[in-house]
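Okay, so here's the structure we're looking at.
The values are calculated or read from the model by the stated rules, or taken from the named source; none is laboratory data. Quick caveat, the model's predicted, so the values are computed rather than measured. Cβ: placed from backbone, ideal geometry, glycine included. Neighbour counts: every protein chain shown. Surface areas here come from the heavy atoms of the whole protein model, side chains and all, with no ligands, DNA or RNA. Shrake-Rupley method; radii C 1.70, N 1.55, O 1.52, S 1.80 Å.
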Amino acid sequence: MNLELTPGELLPRSFYSVSALEAAPLLLGQILERDTEEGVIRCRIVETESYGGVEDKGSHAYGGRRTARTEVMFGEGGAAYVYLIYGMYHCLNVVTGPQDDPQAVLIRAVEPLALEDEVLMRRCRGSLVRRPADLSGGPGKLCRALGIDKALNGALFYSGASPLRLAAGGPGAGGSGERIVAAPRINIPYAEEYAAKPWRFYYRDNPYVSIIDKNSEARSKPSSDFPRLFNK
């Protein structure tokens, strides 16, 4: 994907037309913006997971399962899919692909862009944070730190009027000099042969990443080996 974007510019609607497997590494380094009552929080995406549609046994939409919860996944790419797990943790996903092809990328970890972002995130998080991953390393943690809940389900990431947006990262985002690890996804043993697919992507050595996979890290690759989002 070759897009001419200025850092901070909203990712265009066309960005979300690609498959989840292509979008997941592309989203690394891009900026998630969240409007709150106390101000805008900006953070950089450092870990993602791809969920690839009706054939993926790890996906909520496996086999074409279309319910009130998964309906947003069947829409055109660019919307937020927010759901609750264990009755207490929210998870944020980026819907991708064309209409009626349910694909999504789970955002697993983010890092605050600046000190003021970290301060707001800590305030929203509302619990003791001893290390970076405690703040926003994991789907539930980052949603708490950003005040994300089901009220944001369906929010459009490409709309300037949306309280939840995705913007282009700095130079090299989605293709920087950092090494990317491709590892199996987390906690989906029910996905059978799909459980071992290396569809989780994260920046190696980033302290906000939720779970380190030592075996996969031995095979990490430069970001330039993955699909890239070119910025000006």
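Here are some notes:
- Point-charge dipole on Cβ atoms (K/R +1, D/E -1) for the chain, about Cα centre, debye to 20: 500
- Ranking I212, H90, F201 by Cα position along the charge dipole of segment 13-222, where only Lys, Arg, Asp and Glu carry charges on their C-beta atoms, puts I212 farthest toward the positive end.
- Accessible-area composition of the chain, carbon plus sulfur, in percent [1.4 Å probe]: 51
- Accessible area, probe 1.4 Å, largest first, for residues E4, E71: E4, E71
- Solvent-accessible heavy-atom area per residue, rounded to whole Å², over the chain at 1.4 Å: 43
- Look at [x] 19; [y] 28; [z] 16: the one that is percent of Cα pairs over 29 Å apart derived from this structure is [x].
- Within-9-Å neighbourhood charge of S50 [Cβ basis; K, R +1; D, E -1]: 0
- Database remark: amide H of T96 closer than 5 angstrom to the amide H of G78, Q103, A104, V105 (H placed geometrically; neighbours at sequence offset of 5 or more, or on other chains; Pro and chain starts carry no H).
- R219 - accessible surface, heavy atoms, 1.4 Å probe, Å² rounded to 10: 150
- Each label point was placed 7 Å from the Cα along the Cα-to-Cβ direction; for V40 and E71 their separation is 3.1 nm.
- With a Förster radius of 45 Å applied to the C-beta separation of S17 and K214, the computed FRET efficiency comes to 0.80.
- Accessible surface ranking that places the most exposed of C91, C124 first, with a 1.4 angstrom probe: C124, C91
- Computed helical MRE - 222 nm, the chain, DSSP H runs ≥ 4 contributing -39500 (n - 2.57), nearest 500: -4000 deg cm²/dmol
- Length gained on full extension, E193 to S159, computed as 0.36 nm times the residue gap minus the Cα-Cα distance: 8.5 nm.
- Sites matching chymotrypsin sites (Phe, Trp or Tyr not before Pro) across segment 56-149 that sit in DSSP coil, with at most 14 neighbouring C-beta atoms within 10 Å: Y86
- Across the chain, Cα pairs under 8 Å and at least six residues apart give a relative contact order of 28 percent.
- Using C-alpha pairs under 8 Å with a sequence gap of at least 6, the mean separation divided by the residue count of segment 27-85 gives a relative contact order of 18 percent.
- Couplings 3J(HN,Hα) of segment 202-214, computed from phi: 8, 7, 5, 6, 7, x, 8, 4, 6, 9, 8, 10, 4 Hz, in residue order, whole Hz [Karplus 6.51 cos²θ - 1.76 cosθ + 1.60, θ = phi - 60°; x for Gly and Pro].
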